[in-house]
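> Structure provided below as structure tokens; questions to follow.
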């Protein structure tokens, strides 16, 4: 393994690229036509006008987003019938899938990539007000596979992302590149590419993760649609188990990747790693303090209606509102990058109210992205769940069923959110952050100022641990 410099760059000219290239990325979600212009199809080499830079410290600009799950990282539970019919009952993740199919894997994956998400579905989502797409990818999209890894590395995934960024540019909406599967598996879940042991916490795999981040920066640096991508999620749901050594390794990685991405003009999204010996926001406060609030965003994945299925409407709503309250005054913006409408409440209209309340509460800070854009029923569910619950994970289904409005103004995100019926956490506070370079060394670390609009004071409850599938 090549040694690493202090900022995570490699001393060997191998997998990663130099981190210092500037992407000029980022974007502002205001302005622009909501319809498809197909500008990218007229001349693939023609320059395009960059989208305005996204401004996380603009109180009127909120992410109303969705994940594109099970596209470039397979997750069996989201389309279980196809997955098992293709790769067999004993395959659970992309590692197994690639091993099972052997020399047929590439053509099968290419067919999946070309059909799982369509341009028509992007239109449906944008029409419903979506302004941010979280694109979940594995490290193998950007760096070679290591010895023993069956992933089909660098085999067309970036070309798929090129296509997607063109679609999003045409619609004047934005993307986050989320590193969902990292070397060795950061959480042992199928969403990481390899279910089982957690192997990320080694110097070699952390080094390959730096290579991945550098490769993302290099790919975006001269990309035609680089302005579409405002952020990078540097590792999805790392599982620390509160181990001090793991947390120190993760914190060092967070520091290094923040420096790399900041130099490239990209915002870093970091997950709290399921620390539960204290409130996760409190644990990461010192890390967040002093950093640029337009270049660092804290990430949570709450599911207050599930794990286990929650039938208590009041409990669910209290948890949502507590999450909103906890985001107030944090040194950097707080985001909720995976959440769903799944719940056990047997009450007419609750699912719509639940969706609206979450979307509003999560806009108290940076905003959110729903998990996920599409989930399919299974005729023989082992990893999937009951069909009615799969529908509550599927945004296109919620739109089709009238739970989520079919039309909304993606360019006026705060107004769109404020207009939702059945919100239950009170008015969205007006928030602002100060750039740390203007605050001085003596600043207390509370860089956010909140107006005195109604901010309900409620009893704090322990946040829900995030999961998605029923797999171990």
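The values are calculated or read from the model by the stated rules, or taken from the named source; none is laboratory data. In this text, all values refer to a predicted model and were calculated from it rather than measured experimentally. Glycine gets a Cβ as well: all are built from the backbone with ideal geometry, and neighbour counts include every protein chain shown.
> Regarding residue 290, is this residue in contact with a strand residue (DSSP E or B) (Cβ under 9 Å, 6 or more places away or on another chain) and surrounded by fewer than 24 Cβ atoms within 10 Å (Cβ to Cβ)?
Working: in contact with a strand residue (DSSP E or B) (Cβ under 9 Å, 6 or more places away or on another chain): no; surrounded by fewer than 24 Cβ atoms within 10 Å (Cβ to Cβ): yes.
Judged against the criteria, residue 290 is not a match.
> So, one more: How about region 201-216: which of its residues are over 22 Å from residue 244 (Cα atoms) and over 19 Å from the mean Cα position of the chain (by Cα)? First the steps, then the outcome.
Going residue by residue through region 201-216, those that are over 22 Å from residue 244 (Cα atoms) are 211-216.
The one that is over 22 Å from residue 244 (Cα atoms) and over 19 Å from the mean Cα position of the chain (by Cα): 211.
> Which one is nearest to residue 125 (Cα to Cα) among residues in region 53-82 that are surrounded by fewer than 19 Cβ atoms within 10 Å (Cβ to Cβ) and either without any contact (Cβ under 8 Å) to a residue 12 or more places away in the chain or in contact with a strand residue (DSSP E or B) (Cβ under 6 Å, 6 or more places away or on another chain) (or both)? Talk me through it step by step, then tell me what you get.
The first filter runs over region 53-82 and keeps only residues surrounded by fewer than 19 Cβ atoms within 10 Å (Cβ to Cβ), leaving 53, 55, 57-60, 81-82.
Add one more test, that the residue is either without any contact (Cβ under 8 Å) to a residue 12 or more places away in the chain or in contact with a strand residue (DSSP E or B) (Cβ under 6 Å, 6 or more places away or on another chain) (or both), and what stays is 57, 59.
Details: 57: 25, 59: 23 Å.
Ranking the qualifying residues of region 53-82, first place goes to 59.
> Of all residues in region 262-282, count the ones that are within 18 Å of residue 337 (Cβ to Cβ) and out of contact with any helix residue (DSSP H, G or I) (no Cβ under 8 Å at 6 or more places or on another chain).
So the answer is 3.
> Something else now. May I ask you to list pairs of residues, at least six apart or on different chains, whose Cβ atoms are under 7 Å apart, with the first in region 176-195 being free of Cβ contacts under 8 Å to residues at least 40 places away in the same chain and the second being in a helix (DSSP H, G or I)?
What qualifies is 184/205; 185/192.
> Next question. Taking into account only those residues within region 272-297 that are without any contact (Cβ under 8 Å) to a residue 60 or more places away in the chain and within 16 Å of the chain's Cα centre (by Cα), which is nearest to residue 330 (Cα to Cα)?
Looking at residues that are without any contact (Cβ under 8 Å) to a residue 60 or more places away in the chain and within 16 Å of the chain's Cα centre (by Cα), I get 296.
Conditions (1) under 22 Å from the mean Cα position of the chain (by Cα); (2) closer than 22 Å to residue 226 by Cα, marked per residue:
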{"site": "67", "(1), (2)": "yes, yes"}
{"site": "70", "(1), (2)": "yes, no"}
{"site": "89", "(1), (2)": "no, no"}
{"site": "99", "(1), (2)": "no, no"}
{"site": "119", "(1), (2)": "yes, yes"}
{"site": "124", "(1), (2)": "yes, no"}
{"site": "131", "(1), (2)": "yes, yes"}
{"site": "135", "(1), (2)": "yes, yes"}
{"site": "145", "(1), (2)": "no, no"}
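> With (1) in contact with a strand residue (DSSP E or B) (Cβ under 9 Å, 6 or more places away or on another chain); (2) at pLDDT 95 or above; (3) on the phi > 0 side of the Ramachandran plot as the list, and residue 329 as the residue in question, which single condition is left unmet?
Single failed check for residue 329: (2).
> Now for a different question. Does region 301-322 hold any residues that are touching a helix residue (DSSP H, G or I) at 6+ places or on another chain (Cβ under 7 Å) and either more than 20 Å from residue 363 (Cα to Cα) or outside any helix (DSSP H, G or I) (or both), and which are they?
Looking only at region 301-322, we keep the residues that are touching a helix residue (DSSP H, G or I) at 6+ places or on another chain (Cβ under 7 Å), and these are 302, 304-305, 310, 313, 316-317, 320-321.
Of everything in region 301-322, those that are touching a helix residue (DSSP H, G or I) at 6+ places or on another chain (Cβ under 7 Å) and either more than 20 Å from residue 363 (Cα to Cα) or outside any helix (DSSP H, G or I) (or both) turn out to be 302, 304, 305, 310, 313.
> Another one. Let me confirm something: among 207, 233, which residue is surrounded by fewer than 23 Cβ atoms within 10 Å (Cβ to Cβ) and touching a strand residue (DSSP E or B) at 6+ places or on another chain (Cβ under 7 Å)? Steps first, answer last, please.
On the way: 233 fails: surrounded by fewer than 23 Cβ atoms within 10 Å (Cβ to Cβ).
Exactly one of 207, 233 is surrounded by fewer than 23 Cβ atoms within 10 Å (Cβ to Cβ) and touching a strand residue (DSSP E or B) at 6+ places or on another chain (Cβ under 7 Å), namely 207.
> Could we say that residue 266 is crowded, with 22+ Cβ neighbours inside 10 Å, farther than 20 Å from residue 372 by Cα, under 16 Å from the mean Cα position of the chain (by Cα) and modelled with pLDDT of 95 or more here?
Values: crowded, with 22+ Cβ neighbours inside 10 Å: yes; farther than 20 Å from residue 372 by Cα: yes; under 16 Å from the mean Cα position of the chain (by Cα): yes; modelled with pLDDT of 95 or more: yes.
Here the answer is yes, as residue 266 does meet what is asked.
> Residues in region 132-154 that are assigned to a loop (DSSP other than H, G, I, E, B) and either in contact with a helix residue (DSSP H, G or I) (Cβ under 6 Å, 6 or more places away or on another chain) or crowded, with 24+ Cβ neighbours inside 10 Å (or both): how many?
Taking region 132-154 as the starting set, the residues that turn out to be assigned to a loop (DSSP other than H, G, I, E, B) are 142-154.
Add one more test, that the residue is either in contact with a helix residue (DSSP H, G or I) (Cβ under 6 Å, 6 or more places away or on another chain) or crowded, with 24+ Cβ neighbours inside 10 Å (or both), and what stays is 142-143, 150-153.
Selection size over region 132-154: 6.
> Considering every residue within region 83-90, establish whether at least one is in contact with a helix residue (DSSP H, G or I) (Cβ under 9 Å, 6 or more places away or on another chain), at positive phi, modelled with pLDDT under 95 and surrounded by fewer than 24 Cβ atoms within 10 Å (Cβ to Cβ).
Kept after step one, since they are in contact with a helix residue (DSSP H, G or I) (Cβ under 9 Å, 6 or more places away or on another chain), are these residues of region 83-90: 83-84, 86-88, 90.
Filter once more, keeping what is at positive phi: 88.
Filter once more, so that each one left must be modelled with pLDDT under 95: none.
Scanning region 83-90 turns up no residue that is in contact with a helix residue (DSSP H, G or I) (Cβ under 9 Å, 6 or more places away or on another chain), at positive phi, modelled with pLDDT under 95 and surrounded by fewer than 24 Cβ atoms within 10 Å (Cβ to Cβ).
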